[in-house]
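Here is the structure we will look at, set down as C-alpha cells.
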Amino acid sequence: MEDPNSSISKSREKLYEDNWLKLQDWIIEKMKNCDGALIPMSREEIQRREEPELDYQIFLESASRTMIRFKKPERLIRMIVRVIDEQVKVTHTAMLLKSGHKNSFILIDSQGEKGVKIPIGFIRLNFDNPLIRLFDERHNYKISETGAIEYKEMLDLLHRSDKVKGDPDFRDLIDLTIKQMELLKATICVPIYYKKELLGVFVLGKKLSNIKFSRQEIGFFTTLANDVAMALANAQLIQDLQEKIFEVHKLYEREHKIFIHTAISLAAAIDARDPYTHGHTERVTQYALAIGEELEDIPEAQAYRNFKETLHISALLHDVGKIGVPDSILNKNGPLTKPEYEKVKEHSITGAAILYPIRELGDIAREVRAHHERHDGGGYPDSVKGEEIPFIARVIAVADTFDAITSDRPYRQKKMAEVAVQIIKDNSGTQFDPLIVSAFLLAYRKGKFSNVA
Ligand SMILES: [Fe+2]
C-alpha cells in the first residue's frame, strides 16, 4: 500500500518545480524588458560565443610579417582591410590614406559583407575636414588614451562631459567629427601616424555581433595602425626610390639617345669629308654589330659592362680622328706618299685623344686607338698583339677591312664580297684574331652582309 506521505511529498515537489519555472520565466521576461540590462542570449548568440576568439597577438605577428612583402601602399592597405573584415567581422572596413600630393586623404579601400560598402574614390577629405583635423592636431588624445575614437564615446562627450563645456571650439570640432563619422558609418576611427605625420585613418563599422568593441580589440587596432604606419613609410620610401630610379633611367635614356645621334652626326660629318669613303662608318658599324651578335655570349664580350652598346659607339666613332687629317690627303686621287700615310695613321691616336676625356664613353677611347692593330703585333700605333688588343678593336678591324675591300678607292676598284671573305680568311691568325674571323664567317653565312654588292 502506498505511503500517503510519499504522495504528498511528490505533489509538493511538482508544485515547487512549477513555481520555479514560473519564477524563471518571470525573471527572463523582466530582463528582456529592462533597457540596458542583461539580455538573454539567443541560441545563435550562444553558438557564436562558443566559437574560438581571434588570437590578436598571433594575427598581429603574422600581419607584421606579411606587410614587409608589400612594396605598393595600396596593395598593403587592401590586404589589411580584407583581413580585418574577415577576422574581426565588422559591417565594413575602410582606409583613408594621405595622397601622394599630401594635401588630402583618399578612401583607398572599403570592404564589407553585410554592411554599407563605401564607394572607393568618391571620398576625399582635406585637412579642413573635422575628422582629419581632430587627428592631425592630436585632439583625439584628449578623448582617449589610445588615440582611437569611438562614435558612442564621442556622443557622450558632446552631451555629457565637462571637457567640452568651457571650450566651444573643441565642442564644435567634436560635433562636426561625429557628423563625419555618421557619413562614413564609422563606429571606430583609428589614426595611423608615422613619426609626427598623420598617414591615414582606419574606419570600422559595427561588429556583426552588435557587441561593443572591447579594449583588447581597440588595442589591437592601434597596434596594427603602428605596424601599418611603418610598412606604409617603408613602401613609400621604396616607391619614391623606384620613381627616382625610373626618372634617372629616363634621363639617361634621353641623354644616351642624344649622344648616339651626336655620334652618328659626327661620323656622317667625318665621312662627308672623304667622298671616296662615303657611308664607310655606317657600314662598318653595321658589320661590326653583325659580328658582335655572334660573340655576345663569350667571356670577352661579357667582360664589358654593355658589350653591344660599347661596340656600337666604338664602331661609329672609330675614324673620328680623321678630323685631324688634312683634306689634301683625305681627298688625294692616288696612292699616298709615306709621310702622307704616316699622317693618316695618326687618326687612331687623335681619335682616342678626342674621346678620352668624355667619361660617359668609358673605354671607347682605347678601342678606337687600337682598331688598326694586328693580331701578330704588326699594326699601329702601339704594335700590341693577340689578347693585348682590346676585344672590340679586334672586331672593328675585321669589319673595317671588309668594307675597305668591298668599296671603291681612288687608286683601286672595289672587290666582290667573296674575295673580301677569302682575304680575311687568309689573314686569320696574322692580321686578324681567328676567333673574330670565325664569328665574321658565321655572320656572313647567315646573310648578315647580304646588302653588299
Ligand atoms: Fe681607321
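What the table shows:
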{"quantity": "Under Karplus coefficients 6.51, -1.76 and 1.60, residue-wise ³J(HN,Hα) of the range 136-150 in Hz, glycine/proline x", "calculated": "5, 8, 6, 5, 4, 6, 6, 9, 9, 5, 6, x, 7, 10, 10"}
{"quantity": "Sequence-distant residues sharing a close amide H with Val90 (under 5 Å, placed H)", "calculated": "Leu208"}
{"quantity": "Amide H partners (placed H, <5 Å) of Tyr194, local residues excluded", "calculated": "Leu199"}
{"quantity": "For Arg283, Arg445, order by how many other beta-carbon atoms lie within 10 Å, fewest first", "calculated": "Arg445, Arg283"}
{"quantity": "The range 285-371: trypsin sites (Lys or Arg not before Pro) falling in loop per DSSP and having at most 13 other Cβ within 10 Å", "calculated": "Arg305"}
{"quantity": "Around Gly377: net Lys/Arg minus Asp/Glu count, Cβ-Cβ under 15 Å", "calculated": "-3"}
{"quantity": "Loop trypsin sites (Lys or Arg not before Pro), the range 168-213, which have at most 10 other Cβ atoms in a 10 Å radius of their Cβ (DSSP)", "calculated": "Lys195, Lys196"}
{"quantity": "R0 of 60 Å, Cβ-Cβ distance Ile349-Leu237: FRET efficiency to nearest 0.05", "calculated": "0.75"}
{"quantity": "Subset of Lys257/Lys308; Lys165/Lys196; Lys332/Lys448; Lys179/Lys212 violating a 24 Å alpha-carbon distance limit", "calculated": "Lys165/Lys196; Lys332/Lys448"}
{"quantity": "Candidates per chymotrypsin sites (Phe, Trp or Tyr not before Pro) in the range 377-453, loop by DSSP, up to 13 other Cβ within 10 Å", "calculated": "Tyr411"}
{"quantity": "Shape call, the range 274-445: gyration tensor on alpha carbons, a/c limit 1.5", "calculated": "oblate"}
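Each reported figure results from applying straightforward, stated rules to the coordinates on display, with no laboratory input. What you are looking at is a predicted structure, and each value in this text was computed from that prediction instead of being measured. Glycine gets a Cβ as well: all are built from the backbone with ideal geometry, and neighbour counts include every protein chain shown.
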